[in-house]
1. Based on the alpha-carbon gyration tensor of the chain, what equivalent-ellipsoid semi-axes (square roots of 5 times the eigenvalues) come out, in whole Å, largest first?
2. According to a simple spin-label model (label point 7 Å from Cα along Cα-to-Cβ), what is the distance in nm between residue 38 and residue 18?
3. Got a sec to turn the phi values of the stretch 14-22 into Karplus ³J(HN,Hα) couplings, 6.51 cos²θ - 1.76 cosθ + 1.60 with θ = phi - 60°, whole Hz, x for Gly and Pro?
Amino acid sequence: MEKIRIEQHSSLGLIWAAGWLFTVGYLKLGFWQGVLALFIWPYYIGAALAQ
């Protein structure tokens, strides 16, 4: 009889969500920019820090 092993990898998702929320708050993005930042939030951080 095989044992079933369950692994959870939620830490990466939590780090991603924290980064997105930080980006939205730190850069004071509007609603639609916040929605766009769901996909490209590292770009927003890089662009802000490059200035």
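1. Details: eigenvalues 224, 24, 13 Å².
So the three semi-axes of the chain are 33, 11, 8 Å.
2. Calculated label separation equals 2.2 nm.
3. Karplus-based 3J(HN,Hα) across the stretch 14-22 equals 5, 5, 4, 5, 5, x, 5, 5, 4 Hz.
We did not get these values from a lab; they are worked out from the coordinates using the rules stated. Since the model is a prediction, treat every value here as computed from it, not as a measurement. FYI the Cβ positions are ideal-geometry reconstructions off the backbone, even for glycines, and counts take in every protein chain you see.
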